[in-house]
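Each value in this text was obtained by applying a stated rule to the coordinates, not by laboratory testing. If you're wondering where the values come from, they're calculated on a predicted model, not measured in any experiment. Don't worry about glycine lacking a Cβ; one is built from the backbone with ideal geometry, like all the others, and counts go over all protein chains shown.
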Amino acid sequence: MATTRLSFKLLKARNSARRRTTSPRRTPGNGGNPETETYATGSNAPTTGELQLEISIGRRVKLLRQRLQLTATELAAEAGLSPGMLSKIENGGTSPSLSTLKALARALNVPLTSFFADFEERRDCSYVRAGQGVLIERRGTKSGHRYELLGHSISGDIVVEPYLITLSEDAEPYALFQHDGVEFLYMLTGKVIYRHADKLYPMSPGDALFFDAGAPHGPEELLERPMTYLSIIIYPRA
């Protein structure tokens, strides 16, 4: 019962915070000008503020240490630092000197510049004009399935592949797709019975399907052709 009450309190606090952030925030002195009001997204994704240099360096040091499967004590000893100092660095609580960063770089066997990678990271953006997506050959291509890649992720821990899929008049059913990650479908035109594992879903314009792509899936019955749907595939970067 204690867990239930705690969850309810957390949910209530989150909803309250969301109401505050989704309400327009007026900058003092702007007279309530709608052009200067800001709005928050409805997503639960954490907000990304300006990253402080100390925090950025600390995160990078910790990530590199964990990749080498070193404990904080082991890295501190290798770099000639106290465990307490390394803890402050990893938590962004102090600004390490250049000599300290050099010692950490030697201990981690990385270039000094790697500590600044996150701070100087550029945010990806992919822009594709209508009809100019890259045509991709996939297993369903021979069955009359046309795949147009609408963008790509350049960096990061995950790969996102948005496709516009068109099934022509002579397209054939193919329900044996199977791959890593998750997939989101949004039906645009036509009608299809879509299979995921042992279940079938009728899909018409406006219908959406989100599923684990590790199970066999694909269009089982093509009811109304030609048809188009948006497919977004997300999986970890190798």
| note | Computed over region 134-236, the relative contact order (Cα-Cα under 8 Å, seq sep at least six) in percent reads 33
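Determine, from the Cβ-Cβ distance of Val182 and Gln69 and an R0 of 25 Å, the FRET efficiency 1/(1 + (r/R0)^6), rounded to the nearest 0.05. Could you put the intermediate results ahead of the total?
Values: r = 28 Å, r/R0 = 1.14.
Efficiency for this residue pair is about 0.30.
Please report Ile158, Ile55, Ile165 as a ranked list, fewest other C-beta atoms within 10 angstrom at the top and most at the bottom. Don't jump to the answer; show the numbers that get you there.
Values: Ile158 10, Ile55 15, Ile165 19.
Taking fewest neighbouring Cβ atoms as first place, the list is Ile158, Ile55, Ile165.
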| Based on the Cβ-Cβ distance of Thr113 and Ile193, what FRET efficiency does E = 1/(1 + (r/R0)^6) give at R0 = 41 Å, to the nearest 0.05? | 0.15
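May I ask for the net charge around Glu90, where only other residues with Cβ less than 12 Å from the Cβ of Glu90 are counted and Lys, Arg are +1 while Asp, Glu are -1?
Numbers: positive: Arg59, Arg60, Lys62, Arg65, Lys88; negative: Glu54.
Counting the neighbours of Glu90, the net charge comes to +4.
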